[in-house]
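Below: the structure, in structure tokens.
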Amino acid sequence: MNENVLSTLEYTNIISMLVEQADSAPGKELCKNLLPMTSLSDIEEAQTQTQDALSRLFSKGSISFGSNKDLGFAMKSLEIGSTLMASELLSFARFLNNVNRVKTYGAKEKDEDEGDSLSDYFELLEPMTLVSKEIDRCILDEEGNIADDASPTLKSIRKSLQQTNEKIHSELNKMVNGSLKSYLQDSVVTMRNDRYCVPVKSEYKGQVSGMVHDQSSSGSTFFIEPQAIVDLNNKIRELHLDEQKEIAVILANLSAELSDHLPALQTNQKFMTFLDFTFAKAKLAMDENASRPVFNEDKYINIKKGRHPLLDKKKVVPIDVPLGKDYDLLVVTGPNTGGKTVTLKTVGLFTLMGQAGLHIPANDKSELSVFTEVYADIGDEQSIEQSLSTFSSHMKSIVHILKHADENSLCLFDELGAGTDPTEGAALAIAILNFLHDRGIRTMATTHYSELKIYALSTSFVENACCEFNVETLSPTYRLLIGIPGKSNAFAISSKLGLSDDIIEAAKKQITDESERFEDVISNLETTRVSIEKDKLYIEEQKAAIEKERALLKEKTDKLNESKDKILRNANEEARDIIAEAKEFADETIRAIQKSGQGFSMKDLEKKREGLRNQLNDKNSKLAIKKETNAQSGIKAKDLHLGDMVKIVSLNLKGTVSSMPDDKGNLFVQCGIIRSKANINDLVFVQEETISGPGIKKQSGSGSLKMSKSTNISYECNLIGKTVDEALAVLDKYLDDAYLSHIPSVRIVHGKGTGALRNAVTSYLKKCKYVKSYRAGEHGEGDAGVTIVEFK
């Protein structure tokens, strides 16, 4: 791909955005060197890797590669057997710890989970935990301080150093406060040339035996090392030398241990850099709300709702651009600043981004093709030094493109044929477009020439397009309309800006009748198009409303049929049971009468008949209650609210509604600490129990308050969608109510998200006096998206 087009289409700016997304220096370097590819298999592989990284970002969040430093020089040193400095060893430890985090991030949650294109890279990482832990144990900080426990020898040396230092201080303190006190300038102990000394007045220099190490600038003070501690100072010096030797041994051992794993370290660096680069592509796609394009080798482009990535996401107008299927040349017309050049750059930039393995900011299933070269003649490249005018500079670029372009190229021309006589410029433009078509080259060009509009209307392989302009507001809408030539709108814009009507009328007379008729046709086409679009929009809205009503009606009918079948089935089963029991009771009564014979009195017979009648009445009573219950079960979704008390008929459990029903009528009901999934057809409303009856007085005050809370309080508090401040206010009141209601435990729903809401809830629970314990939800309870709280 030629370097000129990378700059012209602002691909280099996209690369700068990509570099910002990488965490490590090697990853940033890999991003800087990213170029478009021309092999379809390589492009598809890169796109799959970007897509898989994006999926991991959505499901697991981001991961940092910041400790992936450039360790190439240090690895070369290990390769030749050199000993690394403590700071270099610590960099390796930080790197290996980062490798461990990345490997954990990329691990499969279950062994049976299918991997993706990045799974092998994660699995082949080797954290070398033992090596990194050993380095962290021996080296304390970035300054390279070695821990006392790095080796038994070092620990012994430092212990001897401490004891010797203490002995020296003890001896010197005795001297300073005793025999030498009158000879000293100050009663202090100081260091000169790494040896302990005392400041002696110059006149008493001969009274203190020892070695003179320094003299004050005034000459009034000599710093003398007393003879009594010379041996001790010598011992300290020897111990310091022994300490440095032992530290060198420790660093050498750690370096040797790293060198034993040199191939694994090199593989780790390579894979960490590649993963950082791949996740940078995914982060850029996430920021730009980009999607994976579908590639073909048929030179067909179909961009759906494409947005130029360098424009303001809140203001940019998405465009649809098809090219290469029904026509291979697209001529874009319209007023200046209407978006023609942006359209050209969007198509070219998307092609470069897609072939580089980057997602494009467009809707799903947007299609791109693989081009070996993209050529673009965009912008004013006149050169005073080379004596080139605007037309000459454009023509020089066009000549180069025509010489090198082939059927595998994409050509983009801005203001083709501009900068010279309009008639000659239009003729040149048409000839150039015909030349490109004859060679099967996909081409887009912008123009103001009416001749090119007519050429596009009258030629089968060329299509018109225009950038829409609102004459009323004198502003472009930036919408790209395929199949419609655009107007320059010079007269309308001039009139709106206040140019005299006489001048405008005079200007119109300068236009030929043929040109005027053509412009009128375009104007009528535009008016008709706007009217058709409005009608189309209205029809689509009505169609969508009808489809919605039809779906609701079908759902309602299905529910009615299902309910009807269920009621009939239950009624038949109930009736069969009643008949069977009644028959059994009647047979039993008859057998009893027959067994008694003539000795059976009328009173006993009546008693048996009464028992049979009561049995039938009891069955009829049960059936009536069942029907009443079924009648109450017709709960509609619109009548259901979060916190409503309901009963799950099939489970005979009471609880509170903790979620609204979905399209199938399924919802969750909190029954104590159990959260059950049920269907709305299996629910009935239940009334709050009231305490009444003889010997029971109505409760008031705090007693009635607690009873009211206990019957109304939910076992779940949903904080999703609230800010931290709003959530904590709701949580504070809810926990008070739940605690007063003597509920043993509750469920706090805060979601996963960024973790800010979960952390705020955890911090609050730590300070809550009546909370006994809390924990994250387990599998089936909501996982990390909920917190289970148990009261004291």
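Descriptive notes on the structure:
- Solvent-accessible surface of the stretch 193-246, averaged per residue with a 1.4 angstrom probe and all protein chains in place: 57 square angstrom.
- Over 25 Å between alpha carbons, listed pairs Lys554/Lys654; Lys767/Lys792; Lys103/Lys270; Lys304/Lys345; Lys365/Lys534; Lys315/Lys345: Lys554/Lys654; Lys365/Lys534
- For the stretch 279-372, the calculated P(r) over all alpha carbon pairs, in 10 Å bins from 0 to the bin holding the longest distance, is 16, 51, 28, 5, 0 percent.
- By the rule of a C-alpha distance below 18 Å, with chain neighbours fewer than 8 residues away ignored, the aspartates and glutamates paired with Lys314 are Asp287, Glu288.
- Dimensionless Rg over Rh [the stretch 23-67; C-alpha; Kirkwood]: 1.04
- Placing unit charges on each Cβ (+1 for Lys and Arg, -1 for Asp and Glu) gives the stretch 155-300 a dipole about its Cα centre, and among Phe222, Asn173, Tyr204 the Cα reaching farthest toward its positive end belongs to Tyr204.
- Extension gain for Lys174 to Gln207 (0.36 nm times residue separation, less C-alpha to C-alpha distance): 10.2 nm.
- Surface composition of the stretch 276-315: carbon plus sulfur atoms hold 46% of the accessible area, using a 1.4 angstrom probe and ignoring ligands, DNA and RNA.
- Of all aspartates and glutamates in the structure, those lying under 17 Å Cα to Cα from Lys496, and not within fewer than 8 positions of it along the same chain, are Glu472, Glu505.
- P(r) tail for the stretch 237-330: Cα pairs beyond 22 Å make up 64% of the total.
- Accessible surface of Glu588, taken over heavy atoms with a 1.4 Å probe and every protein chain present, rounds to 110 Å².
- Kirkwood Rh in Å, taken over the stretch 709-749 so that all alpha-carbon pairs contribute: 10.5
- Applying 0.36 nm per residue to the separation of Asp732 and Val684 and subtracting their alpha-carbon distance, the gain on full extension is 14.2 nm.
- The stretch between Asn13 and Lys564, if pulled fully straight at 0.36 nm per residue, gains 191.8 nm over its current Cα-Cα span.
- Bins of 10 Å, starting at 0 and running to the largest distance - Cα pair percent for the stretch 55-206: 9, 23, 19, 15, 13, 10, 7, 4, 1
- Taken about its Cα centre, the stretch 93-218 carries a charge dipole of about 1480 debye when Lys and Arg each add +1 at the Cβ and Asp and Glu each add -1 at the Cβ.
- Interchain or long-range residues, amide H under 5 Å from Ala376's placed H: Leu412
- DSSP bridge orientation in the stretch 711-792 - percent antiparallel, rounded to nearest 5: 75
- Cross-link pairs beyond the 30 Å C-alpha cut-off, checked among Lys110/Lys677; Lys543/Lys636; Lys133/Lys245; Lys108/Lys313; Lys638/Lys772: Lys108/Lys313; Lys638/Lys772
- The stretch 86-101 - phi-based ³J(HN,Hα) in whole Hz, Karplus 6.51/-1.76/1.60, Gly and Pro as x: 4, 5, 5, 4, 5, 4, 5, 5, 4, 4, 5, 5, 5, 4, 4, 5
The values are calculated or read from the model by the stated rules, or taken from the named source; none is laboratory data. Note that the structure is predicted; figures quoted are calculated from it, not measured. As a convention, Cβ positions derive from the backbone with ideal geometry for all residues, glycine included, and neighbour counts pool all protein chains shown. All accessible areas refer to the heavy atoms of the entire protein, side chains included, with ligands and DNA or RNA removed. Shrake-Rupley method; radii C 1.70, N 1.55, O 1.52, S 1.80 Å.
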